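Enquirer: First the structure, which I've put down as structure tokens, then a few questions once you've had a look.
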Amino acid sequence: MPRSEHNPLSPEDDNHLQLLGITPELTRRMGPFGNFAVSFSIISVLSGCMTLYGYGLVTGGPAVMMWGWLGVGLAVLLVGMSLAEVTSAYPTSGGLYFMALRLGGPRWAWGTGWLNLLGLLGAIAGIDYGAASFIAAFAGLQWGTEPNPELVLSIFAVILLLHALLNVVAVRVVSLLNSISVWWHVLGVLVIVGVLAVVPSHHQSPSWVFTHFENGTGWSNPVYVSATGLLLAGYTFCGYDASLHMSEETTNARVAAPQGMVRSIGISLVVGFVLLAGLLFAVRDYSGAAAAGVPPAQVFLDALGPNGAKSLLLVVIGAQLFCGSAAVTACSRMIYAFSRDNALPGAGTWRRISSRKVPVPAVWLSVVVAFLLALPSLWSTTAYGAVTAVNVIGMTPSYIIPVYLRLRQRDGFIPGPWHLGRWSRPVGTAAVAWVVVLMVLVCLPQRYPVTVETFNYAPLTLLIVLGLAALWWRMAGQRFSAPVVEDPHLAEIEEQIV
């Protein structure tokens, strides 16, 4: 199993960065807990589990939701452990595409960076659109407003605007919100599960929660339906690479960053399992919840009444807004860094910074593209599931590419102090295999019959992005430079993420 050799001295961290060709410029003020907390907050079980809860009810139901969560969580843990091993060797803010550059060369770094960017944009769209859906549900309970796609998209636009303005104007406030977010998530899950366990007079049986299968997809094959139902967990378990991006600001980063990554996945696995179980035990009207615009809101309403439902909805909405703000911050910094290395069209614009040392154009690009990704929700009832697939289809391959390149190097890879020892190759191989399976699953049609309304456009989005990346490589790939932190503005910008 993983072995680590602890040495908390920052000079060794900085010396290792210099060996990688990076000049240390960031202050190492984050300890192991802080590093873990960033990834845990961005994984955000109160965002992924809640916004895709209705998707899970019709793609396999409770049995797939509970056992699928455990299975996918354990598979993601293998991915996280393998990526953590590479992180221990390359703990840099440049992140995944720096790893790919060192292990595979510029072409691998180019592709990894574009996939990672697609995933980050999909994350913003998925998180903030989910928050908009929950706000629309709250408005329905409070003022009798009728939720519809136009209203949800309008709220979504307002949320994106709010998050953009926060990131452009109130950067220090964003930093404070990230700290509050950790405790909001932990206490929020405890409150929701506790209330649903104590207040309702009726609960479902354990056998129903763990064995009941439900199929509302139109597909007749239960294996196919169960496979597509894994997207609930597949979407939620994203964002744990934040520990890597914060490694240059973490003491003893070669151990703390990989540990933070793995622990965030493991604890999210447990917390998410408890949250899903609490929601399923409290279900009263299954068909009513599955058909509702926001199924968790219907579960809250049936179990607790209007006042209790509104209170728990506010807990969920708060967590989603925290998570969405952090996603905009991370994505804008990725756009800035990638543009700084001449990897995006119009790089000269996207790498500009304001007098406040904020990459303002990159912030606005993040929210505009996220809005465009969710725009088909006006016409397609499955658009939100496709948006979450865009997140998974971009982010997950970018996680596994450094692992694959590490496996390809065999003994040429020099591990850091946190490593898997003799388990490195079997765990890494299993992680790569899982990601291949997941990529196939998220590209499959989710509803039958397949029509314009039910079409899964995530694979099309992936092909467009990869095509654009390949075209831009032919036009400007020779200008791509190593993502080394040398720009003094970048140090100031990255400090704002904490």
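Enquirer: Do the conditions hold for THR451, that is, is it more than 19 Å from the chain's Cα centre (by Cα), farther than 25 Å from VAL152 by Cβ, hydroxyl-bearing (Ser, Thr, Tyr) and surrounded by fewer than 18 Cβ atoms within 10 Å (Cβ to Cβ)?
Expert: no
Enquirer: I would also like to ask the following. Looking only at helices (runs of 4 or more DSSP H) that fall completely inside segment 37-149, which ones have 3 or more residues that are crowded, with 24+ Cβ neighbours inside 10 Å and β-branched (Val, Ile, Thr)?
Expert: Passing ranges, in order: 61-89, 106-143.
Enquirer: May I ask you to list the residues in segment 117-160 that are of a type in the set (Phe, Trp, Tyr) and either within 26 Å of CYS331 (Cβ to Cβ) or touching a helix residue (DSSP H, G or I) at 6+ places or on another chain (Cβ under 8 Å) (or both)?
Expert: Passing the criteria: TYR129, PHE134, PHE138, PHE156.
Enquirer: Could you check segment 260-307 and list, in sequence order, the residues that are over 23 Å from PHE138 (Cβ atoms), of a type in the set (Gly, Ala, Ser) and buried (at least 20 other Cβ atoms within 10 Å of the Cβ)?
Expert: Hits for segment 260-307 are GLY260, SER264, SER268, ALA277.
Enquirer: Follow-up question, since we're still on this one. Give me the residue from segment 396-447 that is surrounded by 14 or more Cβ atoms within 10 Å (Cβ to Cβ) and basic (Lys, Arg) and, out of that set, farthest from LEU244 (Cα to Cα).
Expert: My answer is ARG447.
Enquirer: Can SER133 be described as at pLDDT 95 or above, closer than 28 Å to ASP285 by Cβ and of a type in the set (Ser, Thr, Tyr)?
Expert: When the stated conditions are applied, SER133 does not pass them.
Enquirer: What are the residues in segment 343-359 that are over 27 Å from TRP473 (Cβ atoms) and either touching a helix residue (DSSP H, G or I) at 6+ places or on another chain (Cβ under 8 Å) or of a type in the set (A, V, I, L, M, F, W, C) (or both), if any?
Expert: Once the filter is applied, which keeps residues that are over 27 Å from TRP473 (Cβ atoms) and either touching a helix residue (DSSP H, G or I) at 6+ places or on another chain (Cβ under 8 Å) or of a type in the set (A, V, I, L, M, F, W, C) (or both), segment 343-359 yields SER354, ARG356, LYS357, VAL358.
Enquirer: I've got another one for you. Of all residues in segment 234-260 being within 12 Å of the chain's Cα centre (by Cα) and not aromatic (Phe, Trp, Tyr), which is farthest from LEU77 (Cα to Cα)?
Expert: Once the filter is applied, the top-ranked residue is ALA242.
Enquirer: Which of the numbered conditions does LEU176 fail, given that it passes all the others? Conditions: (1) within 21 Å of GLU249 (Cβ to Cβ); (2) surrounded by fewer than 17 Cβ atoms within 10 Å (Cβ to Cβ); (3) touching a residue at least 40 places away in the same chain (Cβ under 8 Å).
Expert: Evaluating LEU176 over (1) within 21 Å of GLU249 (Cβ to Cβ); (2) surrounded by fewer than 17 Cβ atoms within 10 Å (Cβ to Cβ); (3) touching a residue at least 40 places away in the same chain (Cβ under 8 Å) leaves (3) as the failure.
Enquirer: Then there's this: I want to confirm something. Restricting to segment 216-250 and keeping residues that are in contact with a strand residue (DSSP E or B) (Cβ under 7 Å, 6 or more places away or on another chain) and assigned to a loop (DSSP other than H, G, I, E, B), which single residue is nearest to VAL38 (Cα to Cα)?
Expert: Only one residue tops the list, namely MET246.
Every residue, every condition in (1) within 21 Å of the chain's Cα centre (by Cα); (2) under 19 Å from THR211 (Cα atoms); (3) at pLDDT 95 or above; (4) not charged (D, E, K, R), yes or no:
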| position | (1), (2), (3), (4) |
| --- | --- |
| VAL262 | yes, no, yes, yes |
| LEU276 | yes, yes, yes, yes |
| LEU280 | no, yes, yes, yes |
| ARG284 | no, yes, no, no |
| GLY293 | no, no, no, yes |
| ALA319 | yes, no, no, yes |
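Enquirer: Taking segment 286-341 on its own, how many of its residues are within 20 Å of ASP241 (Cβ to Cβ), in contact with a Pro (Cβ under 9 Å, 6 or more places away or on another chain) and part of a helix (DSSP H, G or I)?
Expert: 8
Enquirer: Limited to segment 186-232, what total is found for residues that are under 30 Å from THR451 (Cα atoms), among the hydroxyl-bearing types (Ser, Thr, Tyr) and loosely packed, with under 14 Cβ neighbours inside 10 Å?
Expert: Looking only at that region, the number is 1.
Enquirer: Let me ask you something else. Charged (D, E, K, R), modelled with pLDDT of 90 or more and surrounded by 20 or more Cβ atoms within 10 Å (Cβ to Cβ), is that true of GLU249?
Expert: Considered against the rule, which asks whether it is charged (D, E, K, R), modelled with pLDDT of 90 or more and surrounded by 20 or more Cβ atoms within 10 Å (Cβ to Cβ), GLU249 comes out as no.
Enquirer: Could you please find all residues in segment 434-457 being of a type in the set (A, V, I, L, M, F, W, C) and in a loop (DSSP other than H, G, I, E, B)?
Expert: LEU444, VAL450, VAL452, PHE455
Enquirer: Another question, if that's okay. Look at segment 359-391 and say how many of its residues are of a type in the set (Val, Ile, Thr), modelled with pLDDT under 85, surrounded by fewer than 23 Cβ atoms within 10 Å (Cβ to Cβ) and out of contact with any Lys or Arg (no Cβ under 6 Å at 6 or more places or on another chain).
Expert: 1
Enquirer: Let me ask another. Can ARG352 be described as part of a loop (DSSP other than H, G, I, E, B) and touching a residue at least 12 places away in the same chain (Cβ under 8 Å)?
Expert: Judged against the criteria, ARG352 is not a match.
Enquirer: Look at GLY188 and say whether it is closer than 19 Å to ALA327 by Cα and under 20 Å from the mean Cα position of the chain (by Cα).
Expert: It is false that GLY188 is closer than 19 Å to ALA327 by Cα and under 20 Å from the mean Cα position of the chain (by Cα).
Enquirer: Yes or no: segment 262-282 includes at least one residue that is charged (D, E, K, R) and assigned to a helix (DSSP H, G or I).
Expert: yes
Enquirer: Please find, within segment 1-30, the residue that is modelled with the highest pLDDT out of those that are part of a loop (DSSP other than H, G, I, E, B) and farther than 27 Å from SER424 by Cβ.
Expert: Applying the filter and picking the extreme gives ARG28.
Enquirer: Exactly one condition in (1) among the small types (Gly, Ala, Ser); (2) modelled with pLDDT under 90; (3) more than 15 Å from the chain's Cα centre (by Cα); (4) assigned to a helix (DSSP H, G or I) is false for SER201; which is it?
Expert: (4)
The values are calculated or read from the model by the stated rules, or taken from the named source; none is laboratory data. None of these values were measured; they are calculated from a predicted model. Every residue, glycine as well, gets a Cβ built from its backbone with ideal geometry; the counts of neighbours run over all protein chains shown.
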